[in-house]
Every structure is written in C-alpha cells, then in structure tokens.
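The structure appears right after this line, and notes come after that.
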Amino acid sequence: MAILQIQHRCPHCKELKDFSLSEISEVRTVDVGKRTPPLWNWTSDHPPKRTTTAHGAEFCGLSRCPHCGNPVMFVVETTDVQAKAALAMSGSYGAKERAIYAFEVVQTYPTVEPHRSHPAWPERIRKPFIDVQQMVDARMSPSLILTTCRSVLEVATKELGGEGKTPFERINDLARKGTVTGSVRDWADEVRKRGNAAVHELEAGTDAEARDYVAFIKLFLRVAFELPEEIKGLRARNEAQ
C-alpha cells in the first residue's frame, strides 16, 4: 500500500512522474545543520533521548517508476520544523497530530545525473543549455532540441571571437586560429546544418540524433571554454609556487 506520493524525475528514464512510496523505513531524527558527523536518533520505539529538539526527520521509501517500472529508493526529509518534531516523536508517518508535512527528496538511489553547466561558459548560454538538457529528458521534439543547440553554438562562436557573418564562417575562422580542432569544426557544422533543417522541417531529426548533438555541445563547450580556464588556473598555481 502506498504511504506517500512524491513527484520526482526518474533516474532511469528521466521522466517526471508521481512516485507512490511504500516500505517506509523507521523514522529517525537528524540535526540537518550538523551532518558531519550526523546526529541520528532512532524513534520507532522511543522518543529521542540524546537531543532536546527534533531538528529534522528523515526516512527512506521504495517505489517503482510508473513509466519504466524500474525501482528507485528515496531518502526523504521533512522541511517544516514543527512537522519534523511531530513526525520524529511519533515514529511513523501516521502521526496522531496529523500535521501537514512538507517533504524534500534529499537523495535517490540510483542518483539523478545533474544537468551539465559550468561557470566558464558564457552566461547567455548557461540557462538555455540546461533547458535543452531538460528537453532531452522530457523527450520533447528533436527539432526543438536541435534548434536550441544551433542557437547555443551561434552564441558560443561569437563569444570565442569567431569572425564571419554565419556560424559556419565563424567556426572555420576559429579552426584556422586553432581555437577548435578540425574534427570539432566538422561536428559543429553538422549540428548547425541539422538545426537549420529542423527549423524548416518540424519532423527533422530523431531522439538519438538529439541526444548525440547535446552530447557534442557538452564536449564543444568543455574544449572551448572549460579547458582554457583550467589551464590558466594551473599556470597561476605553478607561478605562485
């Protein structure tokens, strides 16, 4: 029997679904501000004895994704102080107080891979590229994903100082300057052409192609922006020694 329902993104299929948790573990209190070392107190049989205040209440629950059917374990924590205390003292979700709890998923097993971003990227492309990764997870239209990839690539080539009126001209210029390699140039041009086709043909592209191009954009941004910053930092540390 389901005890709690939580909306979360499945770590297996990436779909955002309502998970019905069952097999709830024993509830325990935790001082959420002192996780190192954690201050745990089991409360299934007795109230907490080693703390004067229930700083939080945490429990685990099992569920299966309604979409793909794969198992997921959730680590859940209450987010309201009074609700935490009531839940911790009761030792179960069905507290007599019947307080309204706010829940936060603090961990899943397996974990949900975070969307890629980096402070070295131009600020203009950070949110759009996170959005496009979410679009891939949601299995949205490949044409929309490819179009966004093209837009990210256009901004990136301008930020890198590529000269030319079109993205292709700028990519060629960057390759001549050694900012990107010839292989990266060829892949970037493929993304550009596929994005152009997606604008005019709404059915253009497949889910697999969309995932491949998003993976390429990650590689492109790492080579063009992240690695130079890492090298700069390494040189600065070596000079400081």
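Do we have S92 as in a loop (DSSP other than H, G, I, E, B), at pLDDT 65 or above and among the polar types (S, T, N, Q) here? For S92, the condition - in a loop (DSSP other than H, G, I, E, B), at pLDDT 65 or above and among the polar types (S, T, N, Q) - is not met.
Scanning the range 104-126 for residues that are more than 23 Å from D18 (Cα to Cα) and either within 12 Å of the chain's Cα centre (by Cα) or touching a residue at least 24 places away in the same chain (Cβ under 8 Å) (or both) yields R116, S117, H118, A120, W121, P122, R124, I125. On the stretch given as the range 107-134, residues that are in a helix (DSSP H, G or I) and either touching a Cys at 6+ places or on another chain (Cβ under 8 Å) or among the hydroxyl-bearing types (S, T, Y) (or both) total 1. When residues in the range 169-187 are screened for being surrounded by 17 or more Cβ atoms within 10 Å (Cβ to Cβ) and either in contact with a Cys (Cβ under 8 Å, 6 or more places away or on another chain) or part of a helix (DSSP H, G or I) (or both), 9 of them pass.
The values are calculated or read from the model by the stated rules, or taken from the named source; none is laboratory data. On a predicted model such as this, the values are computed, not experimentally measured, just so you know. All Cβ positions, glycine included, derive from the backbone under ideal geometry; neighbour counts span all protein chains shown.
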